[in-house]
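Engineer: Quick one: the structure is below, questions incoming.
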Amino acid sequence: MTESTRTMTRTAGTHLLERLRPLMDGVRGQLRADYDLSRVTWFQVGGLADIVFKPEDDADLAHFLSVLPDDIPVTVIGVGSNLLVRDGGIPGVTIRLGRGFSAVVSSEEHILQAGAAAMDIHVARFAAAQGLSGLEFLSGIPGTLGGALRMNAGAYGCEIADILLSATAIDRSGRSHTLDREAMGLSYRHCAVPDTWIFTHATLRGIAGSSQAIQSRMDEIAQSREDTQPVRTRTGGSTFANPDGHKAWELIDRAGCRGLRHGGAQVSEKHCNFLINTGSATARDLEELGDIVRHKVWIQFGVELRWEIRRIGVEKRTPAGDRS
């Protein structure tokens with residue numbers, strides 16, 4: 001193989017990694033090229049990330065961002081629970097927070113400090129062990145605290161805004177910011193903090209409660225999820241946010257979409273606001289099925305469903321006329 005042929009066969013991730021390595025002096029985290037994101041998304045679909053970076057801690061993340069060229073796009077993902085990565089993958093750098101951002105500790109009476117990579121259910125369990133009530137709803141939200149902050153996640157009558165005191169985020173240039181609840185601009189499934197800022201930690205407040213009552217509530221939530229949601233399938237959580245005055249699943253059901261299939265994707269028979277990878281779905285199948293559902297609901301009821309699942313990445317390039 002000639003040098004020119006080897007150059008042609010190099011991937012975009014390899015090229016980017018070669019470009020970044022001279023800039024990475026002092027960066028302690030792991031850089032990996034051409035990372036298969038279908039391995040980490042709950043839908044088990046998605047293309048390659050050019051580069052995945054796992055920082056060691058806040059200082060490492062801040063330093064990395066400070067030396068990263070401005071023209072390289074940055075995407076942040078958690079455990080891939082409420083995420084649809086398109087089949088063409090994610091260009092630039094994808095950041096995944098790991099162990100250095102997963103600790104949950106009790107700092108003051110009724111106050112918890114939690115890293116953005118901490119699983120929501122782990123935060124809920126830690127609070128329960130401390131006799132803190134008010135955080136039980138987190139046990140019913142798949143994913144990490146960082147994702148919950150980004151979308152003001154909620155379930156079972158509560159949301160992040162109800163328990164948040166402050167959050168720490170690092171901006172695209174590597175500067176750290178601490179924001180109180182008002183500065184977060186939280187509303188229904190929305191956060192006003194710029195998308196380029198990366199949440200790293202949060203301070204949460206609970207109220208003193210009975211450990212038995214807290215555990216009982218968490219058991220109720222677990223049973224409710226088991227009874228009503230397709231939790232044992234390749235899914236991505238609630239697909240659409242509830243429109244004002246409506247429940248998304250009811251609109252989808254009334255529009256005749258329960259069990260609707262498109263390629264390898266299906267609307268759940270158990271809960272209409274969940275999409276399922278039946279085993280052969282592509283990200284394109286899932287996204288197109290979601291848009292078919294949105295169109296049917298709009299035509300019948302004049303209500304626009306807004307995606308709650310985060311869709312990122314680029315479409316896979318295919319030859320003209322080839323849908324595969």
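The values are calculated or read from the model by the stated rules, or taken from the named source; none is laboratory data. Since we're looking at a predicted model, the values are computed, not measured. A quick note on method: Cβ atoms are made from the backbone with ideal geometry, for glycine too, and the neighbour counts reach across all protein chains shown. In case anyone asks, the SASA skips ligands and DNA or RNA and just uses the protein heavy atoms, side chains included. Shrake-Rupley method; radii C 1.70, N 1.55, O 1.52, S 1.80 Å.
Engineer: If you place +1 on the Cβ of every Lys and Arg, -1 on the Cβ of every Asp and Glu, and leave all else neutral, what size is the dipole of the chain about its Cα centre, to the nearest 20 Debye?
Structural biologist: So the magnitude is around 780 debye.
Engineer: Related question: How would THR178, THR94 line up by accessible area, probe 1.4 Å, largest first?
Structural biologist: Largest accessible area first, the residues go THR178, THR94.
Engineer: Which distance in nm do the two modelled labels at ASP25 and ASP195 give, with both placed 7 Å along the Cα-to-Cβ direction?
Structural biologist: 3.5
Engineer: Classify the chain: rounded, prolate or oblate, from the alpha-carbon gyration tensor (a ≥ b ≥ c, eigenvalue square roots; a/c under 1.5 rounded; otherwise prolate if a/b is larger than b/c)?
Structural biologist: oblate
Engineer: Let me ask another. Could you derive backbone 3J(HN,Hα) for the range 35-43 from the dihedral phi with the Karplus parameters 6.51, -1.76 and 1.60 (θ = phi - 60°), listing whole Hz in sequence and x where the residue is Gly or Pro?
Structural biologist: 8, 6, 6, 5, 6, 10, 8, 5, 5
Engineer: For TRP307, TRP249, write out the residues from largest to smallest accessible area, computed with a 1.4 angstrom probe and no ligands counted.
Structural biologist: Putting TRP307, TRP249 in descending order of accessible area: TRP249, TRP307.
Engineer: Can I ask one more? Please give, to one decimal in nm, the separation of the simple spin-label points placed at GLU315 and GLU18, each 7 Å out from Cα toward the Cβ.
Structural biologist: Calculated label separation equals 3.0 nm.
Engineer: Oh, and also: Place a point 7 Å from the Cα of SER280 along the Cα-to-Cβ direction; which residues of the range 251-270 have their backbone N under 20 Å from it?
Structural biologist: 259-269
Engineer: How far, in nm, would the chain grow between VAL303 and THR228 when pulled straight, counting 0.36 nm per residue and subtracting the alpha carbon separation?
Structural biologist: Extending this stretch completely gives an extra 24.6 nm.
Engineer: How big is the accessible area of GLU226 in square angstrom, nearest 10, if you roll a 1.4 angstrom probe over the protein chains?
Structural biologist: Solvent-accessible area, nearest 10 Å²: 60 Å².
Engineer: I'd like the per residue volume of the convex hull spanned by the Cα atoms of the range 149-251, given in cubic angstrom. Before the final figure, lay out the partial values.
Structural biologist: Values: hull volume 15.2 nm³, N = 103.
About 147 Å³ per residue, rounded to a whole number.
Engineer: While we're here: Rounded to the nearest 5, what is the percent of antiparallel bridges among the DSSP beta bridges in the range 13-96?
Structural biologist: 45
Engineer: Would you mind putting 120-130, 22-32 in packing order, based on average other-beta-carbon counts within 10 Å, highest first? Could the numbers behind the result be given before it?
Structural biologist: Working: 120-130: 21.0, 22-32: 13.6.
Going from most to least packed, we get 120-130, 22-32.
Engineer: Under a 1.4 angstrom probe, counting protein chains only, how are ARG19, ARG311 ranked by accessible area, largest first?
Structural biologist: ARG19, ARG311
Engineer: Could you tell me which of rounded, prolate or oblate describes the range 1-108, using a ≥ b ≥ c as the square roots of the eigenvalues of the alpha-carbon gyration tensor, with rounded for a/c under 1.5 and, failing that, prolate when a/b is larger than b/c and oblate otherwise? Show your work: numbers first, answer last.
Structural biologist: On the way: a/c = 2.65, a/b = 1.36, b/c = 1.95.
Taking the square roots of the gyration eigenvalues as a ≥ b ≥ c, the range 1-108 is oblate.
Engineer: If I ignore ligands, DNA and RNA and count only protein heavy atoms, how much of SER210 is accessible to a 1.4 Å probe, in Å² to the nearest 10?
Structural biologist: Roughly 60 Å² of SER210 is accessible to a 1.4 Å probe.
Engineer: Moving on to the next point. Give me the Kirkwood hydrodynamic radius of the range 147-208, using the inverse of the mean 1/r over all pairs of distinct Cα atoms, in Å to one decimal.
Structural biologist: It is 11.8 Å.
Engineer: What lysines does LYS296 reach when the alpha-carbon gap must be under 25 Å and sequence neighbours fewer than 8 apart in one chain are set aside?
Structural biologist: Straight-line reach from LYS296, under 25 Å: LYS247, LYS270.
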